[in-house]
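The values are calculated or read from the model by the stated rules, or taken from the named source; none is laboratory data. Remember, predicted model here, so these are calculated numbers, not experimental data. Ideal geometry is used to build each Cβ from the backbone, glycine not excepted, and the neighbour counts take in all protein chains shown.
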Amino acid sequence: MISLESVSKSYSNGVPALNDVSLNINEGEFVFIVGDSGSGKSTLIKLLLRELTPTSGRIVVNDYDLSKLSRRKVAKFRRSIGVVFQDFRLLKDRNVYENVAFAQRVIEVPTRQIKQNVPAMLSLVGLAGKYKAKTRQLSGGEQQRVALARALVNNPPILLADEPTGNLDPRNSWEIMKLLEEINKRGTTVLVVTHNREIVNAMRKRVVTIRKGVIVSDEEKGEYIDED
Ligand code: ADP
């Protein structure tokens, strides 16, 4: 479902942010990507979203060979991945319903169908009663739930979460992680970039550790490994 073959990425200063990285993630997996600041995690995410192209190597995501995408196909490809970020990135002056419905309007889902899909999604993330609230009136945990509903409403096969609990307290962090686990159990492939050692160690999922642009460990039921 996600495949990187000997991928390297250097920025203009020539220092490789990723160096000969190979990684395969199968359909239905739940994978944590961990590593200290500057290790190359954001670069990896940007490559997977085709916001960047590798200096060398090959990336295939959802059967799209990312080196061969026309501009039109890039837009189509990006819609096949749900993404959530640390800072939620919601439309602050719109209500919860509108934030989620917007994702469906972009791909021209008929209004009649949107009216069914959005409440179903909000109920999955535990926000059934809040659809009229403006997102800036919500707690961080609730905002991340809205972001998740928006990321998932179009049924993407892959969900990419970039530090999804970075702005949340421990209780809300756990609730969001449990939700990600639930979403994974329903069939979505889930990739989570995180610094949250406690959660990574408790969840016993596959853990890929990046250090200075290189994958230094890839363990089923892994743990958070410290920089030594
Ligand atoms: P992480 O997300 O793990 O903190 P990054 O992927 O952001 O790591 O960064 C990896 C390396 O690439 C770092 O050394 C960083 O300084 C460098 N880097 C990231 N983005 C750029 C850029 N736009 N231009 C030059 N160097 C960059």
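Data overview
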{"read-out": "Residue identified as among the β-branched types (V, I, T) and in contact with a Gly (Cβ under 6 Å, 6 or more places away or on another chain) among I225, I210, I158, I199", "value": "I210"}
{"read-out": "Selected residue (only one of V118, V96, V146, V109 is in contact with a strand residue (DSSP E or B) (Cβ under 9 Å, 6 or more places away or on another chain) and either acidic (D, E) or modelled with pLDDT of 95 or more (or both))", "value": "V96"}
{"read-out": "I107 under 14 Å from the mean Cα position of the chain (by Cα) and of a type outside the set (K, R)", "value": "no"}
{"read-out": "From the options A161, A147, A133, A120, residue that is surrounded by 21 or more Cβ atoms within 10 Å (Cβ to Cβ) and over 19 Å from M203 (Cβ atoms)", "value": "A147"}
{"read-out": "Verdict on S3 being surrounded by fewer than 18 Cβ atoms within 10 Å (Cβ to Cβ) and more than 11 Å from the ligand (Cβ to nearest atom)", "value": "yes"}
{"read-out": "Condition check for R58: within 16 Å of the ligand (Cβ to nearest atom), charged (D, E, K, R), within 19 Å of I158 (Cβ to Cβ) and in contact with a helix residue (DSSP H, G or I) (Cβ under 7 Å, 6 or more places away or on another chain)", "value": "no"}
{"read-out": "Strands (runs of 3 or more DSSP E) contained in segment 116-228 and holding at least 1 residues within 16 Å of the ligand (Cβ to nearest atom) and under 20 Å from R79 (Cβ atoms)", "value": "158-162, 189-193"}
{"read-out": "Hits in segment 11-55 (condition: among the charged types (D, E, K, R), near the ligand (Cβ under 8 Å from one of its atoms) and within 17 Å of V200 (Cβ to Cβ))", "value": "D36, K41"}
{"read-out": "Any hit, segment 172-187, residues being buried (at least 21 other Cβ atoms within 10 Å of the Cβ), in contact with an Asp or Glu (Cβ under 8 Å, 6 or more places away or on another chain) and of a type in the set (S, T, N, Q)", "value": "no"}
{"read-out": "Residue pairs meeting the criteria (Cβ under 9 Å; at least 6 apart or on separate chains; first over 20 Å from H195 (Cα atoms) and modelled with pLDDT of 95 or more, in segment 12-40; second among the hydroxyl-bearing types (S, T, Y) and within 11 Å of the ligand (Cβ to nearest atom))", "value": "N19/S10"}
{"read-out": "Boolean, S8 is of a type in the set (G, A, S), surrounded by 15 or more Cβ atoms within 10 Å (Cβ to Cβ) and within 16 Å of the ligand (Cβ to nearest atom)", "value": "yes"}
